[in-house]
Each structure stands twice: as structure tokens, then as C-alpha cells.
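No lab work stands behind these numbers, since they all come straight from the coordinates. Model, not experiment: these values are computed from the prediction. So basically every Cβ, Gly included, is an ideal-geometry build from the backbone, and we count neighbours across all protein chains shown.
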Amino acid sequence: MERKISLLLSTVIVLTLLFTGAGAGSAAPLAAGEEETYIVLYKGNSVPADAGSVVAQAGGNLVYSYGKIGVAIARSTDPSFSANLLLDKRIEGASATGGFASQLGDSAFEEVDAATDIPENFVYRWDMTMIHVPEAHAITTGSPDVVVGDIDTGLDYNHPALAPNVDFERSVSCIGGVPDQTPDAWMDRQGHGTHTAGTIAAKPFTYRNNTVIGVAPDVKIAGIKAGNDQGYFFPEAVVCAFMWAADNGISVTNNSYYVDPWLFNCHNDKEQHAIWKALKRAIGYAQSKGVVVVAAQGNENMDLSKKNFDDTSPDYPAGSEMEREVTNACVQIPNEISGVIGVTAVTSSGVKAGYSSYGVGVADVTAPGSSIYSTTRNGRVGSMSGTSMAAPHVAGVAALIRSQNPGLPAGAVAARIQNTADPMACPETSTTCVGGVGYNGFYGKGLVNAFAAVGGK
């Protein structure tokens, strides 16, 4: 997971101060002849009835079919599998993803009583006061009818601050591209997902004199596990996650990752076209079902509006990185998919965090991302940094808006978040920030304002 840290938590991250997290490890490379996972993209938005036999004839096995968007997940040990599939003219492309499924056993879970209301003397941390969460909570703390899907590494459903809000019926593991609702399958063993979930929906909680609370502590949170225990988010899992959110009543999704193994997927690259288009279809389908999609901008300190070079991917198997030229035909997914709310990160000083990527036309709003305290595994609290931590603040605000306006279209929710943000100007000393006070590449429309977003004056 060493590479993934750069975007999920940032290389400049202050890792947990109050707990010892799961160790970062690298996924083992695929051995010769080992089974590989493929995204199979059909030309139309359907999967034909004979897909299984076509896949078998090409030398593989059909794993799962997403007929509503014309995408199938297959596995094969045949190096010619992709080429064999393309003999079927109904298939637009087939891309190897580098993914693998995790084998998990069953385990029990505990039900936890709901926490009490926010105590009068509860101390909100700087990130919450910066975006006016205490004032917003005087208007609404969210509705249990609203479910936020945290597409991440799962969540610790036993954490006292999260357990009252966990929606077990809508939680799922998508590892391998196949939905699995077994609680143990979507349990967080990496730590990232539990942290982002807490920023969204944690009940007021204190651990060793450190207080945490979610932006929307009365909404429901669903753990949608698309990042495996090594921290990789492979395409088949992310397709599954968005399809699950779309078809299972999820109102908002938080996405604090990019889709592996490529930092950028280029639609004009035959190896990546199927991945790019399959994910575009899946995210578009979720948006068509009313899902508000919020995503982290990334921690490469890169101007995403002026891409020209990538030497960090593919990040799986470890050591396979290559230097390549990229253009704006290459996008970071999900952050750069149309309609997704892209979030940059600021520090407690209110300036862009050094690690945060940015870009005109990509950045929509900004939120606190550095040294953010939230829930961690095993009932504890810890600090993490990155745009991964900024995005769930915005997802929480989206949940508050949806709590007040259940029928508000996803695009209207996004517009309200942007239009109520506090405008921010480019730093006077910056030579890379482009734009004015109303909109620029560092901060988008500005710092998200929870109070204004829910109608506060």
C-alpha cells in the first residue's frame, strides 16, 4: 500500500497519533498464468444473454454482469483472453485490471445503542468550526432517512461513534466486482474507510480527551468496500460500488481514492479505454438515480487541468511503474468524471495544503484536509491528512442538504454546495493558482459552508 498512501492519506500525512494502524504492505505480483480480472465493455448498455458462453469460448469465466450499463466482469489465465473476446463485434473493449478477490471468513457483529444528543459542552474541532458545522447543527444534524455510501476500505461497524448509524442492509463488499453483504466482508481492516466515515456521520465521541463528530451525525452510513485490505481500488470493485449505490437507495457517496492501477485512464489508450468507459457508465448511472458523488482531488500537488506526464503507474503489481506522456484525454477517476464534486484540501491556516492537487475545471470546492481527527479502527480516534479527509466534509454537507430536501436532484445539491461556499482568492505569492475570487484552480468556488448550505443566514 505504500503507493496508495500518496493519494489516500498523502505522503505528508500525520498518521494516527492515538493508535497503531494496520501495517502498510504491498500486494504480491501476479505469477505467470495466474488468474487475472477483466472489465468487459459492450458497445450497448446491455449484456447479451450468451455472454457467459462467449467468455468461456475466449478462455475465461464470467464472474458478474452489470446489464444496465453493458459491463461484465470476467477472469482468465489465458494471456490471449482480451484479444479472443474482441472477435465478438458486440464487445467494444476488454481491459485487465490487476485486481484480485479477497477470501474472508464470517464473523459476528454487535449492535450498539444510539448515542445521546450533542452535549452542550461538546468541543468541535477546528475543521468543523472552519466550515460552520456547529451553526449548521442548530438547524439540522441530518435525517436517518438519508444514507451516505462511503466507498472506501470498509468501515468498523463496531466503533461506538459509528455503530448507531451503520446501515447493515445497504453495506456491502465489492472486492472482486461481486457484491457480498456478509458483515465481515465489508469490515475495515485498513483504517482509511473508518476515518472517512467518521467525518461524515460519527456520533459525538471522546477518546483520550480528543473529541470527534461527523458533519451529519444523524444520517445513516453504509460501508461500501471497494478498496481491498492493501488499499487498492480496482475498477471492477468501483463499478460494483456505484451500481450498488444506484440500486440500493444511497443518497450520497464519498470517494476518497482514485481507481487503480492507473493514476490516469486515457480513453484513447486501448489498454484503458474499457476501464474509463465502464466507470463513466457506472458513475453516470448512479447520478441518474439521484446519487450525489463527492470525490477527493488527489495528493500529487498536480495541476489536473494541464496533465503532461505520469511516472507513478501502473501501481500494481509493485514495481511496474513506467514513464508516459499524458494529456487531458486522460482522467483521474472518479474525480474527473462529469458531475462529480471535486474537493481540494486546505490546512488549519486556510491555505491550500501542499500535497493537494488542483486545477481549473476540476476543483469545485475546498475543505479541511490536514491533521483531521476522526474515528479509527478498534474504537479509537486518530489524525490523518490528505484530500481523502477533505472530501467527506463535503459529503456530510451534501447529506445535510438531502436531509432537508430529499427530492432535490443531485445536480442541484452540487450547485447549492458550490454556490454557498465562502469564496477564496488565489494566494498572492502563487504562480500556479489560476482564476479569481469567485472561482480558481486551488479552491474552486471556495470553502464549503455547512451553515449556508442548509439555509443559515
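Computed values, structure above
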| quantity | calculated |
| --- | --- |
| Environment charge at A56 (Cβ cut-off 15 Å; Lys +1, Arg +1, Asp -1, Glu -1) | -3 |
| Estimated dipole of region 216-295 in Debye, rounded to 20 [Cβ of Lys and Arg +1, of Asp and Glu -1, Cα centre] | 260 |
| The chain - share of DSSP beta bridges that are antiparallel (%, nearest 5) | 55 |
| For the chain, calculated [θ]222 nm from helices alone, where every DSSP H run of n ≥ 4 adds -39500 (n - 2.57) | -6500 deg cm²/dmol |
| Structure-derived Kirkwood radius over Cα pairs in Å: which label, when the choices are (1) 22.2; (2) 28.3; (3) 21.7 | (3) |
| Equivalent ellipsoid semi-axes, region 333-418, via Cα gyration tensor eigenvalues times 5, rooted, Å | 23, 18, 11 |
| Positive minus negative residues near L279 (Lys, Arg vs Asp, Glu; Cβ under 13 Å) | 0 |
| For region 207-257: rounded, prolate or oblate by the Cα gyration tensor [a/c cutoff 1.5] | oblate |
| Unit charges at the beta carbon, dipole of the chain: most positive-side option, P314, H267, N209 | H267 |
| Total formal charge among the other residues, if their Cβ is under 14 angstrom from that of G154, Lys/Arg +1 and Asp/Glu -1 | -4 |
| Furthest towards positive pole of dipole, L86, L62, N45, structure part region 36-96, Cβ charges | N45 |
| Hits among lysines - C-alpha to C-alpha of K307 under 24 Å, sequence gap 8 or more where chains match | K4, K270, K277, K280, K352, K445 |
| Kirkwood hydrodynamic radius (C-alpha pairs) into Stokes-Einstein, region 36-96, 20 °C and 1.002 mPa s, D in µm²/s | 197 |
| Inter-label distance, nm, simple model (7 Å from Cα along the C-beta direction), I139/H267 | 3.7 |
| Check: region 36-96 dipole with +1 on Lys, Arg Cβ and -1 on Asp, Glu Cβ, in debye | 180 |
| Under the Karplus curve 6.51 cos²θ - 1.76 cosθ + 1.60, θ = phi - 60°, whole-Hz ³J(HN,Hα) for region 199-205, x wherever Gly or Pro sits | 4, 6, 9, 5, 5, x, 8 |
| Taking the chain and dividing mean pair separation by its residue count, relative contact order in percent (alpha carbons under 8 Å, at least six apart) | 19 |
| For region 312-353 and region 397-425, distance of Cα centres in Å | 24 |
| For the chain, size of Cβ-based charge dipole, Lys and Arg +1, Asp and Glu -1, in debye | 960 |
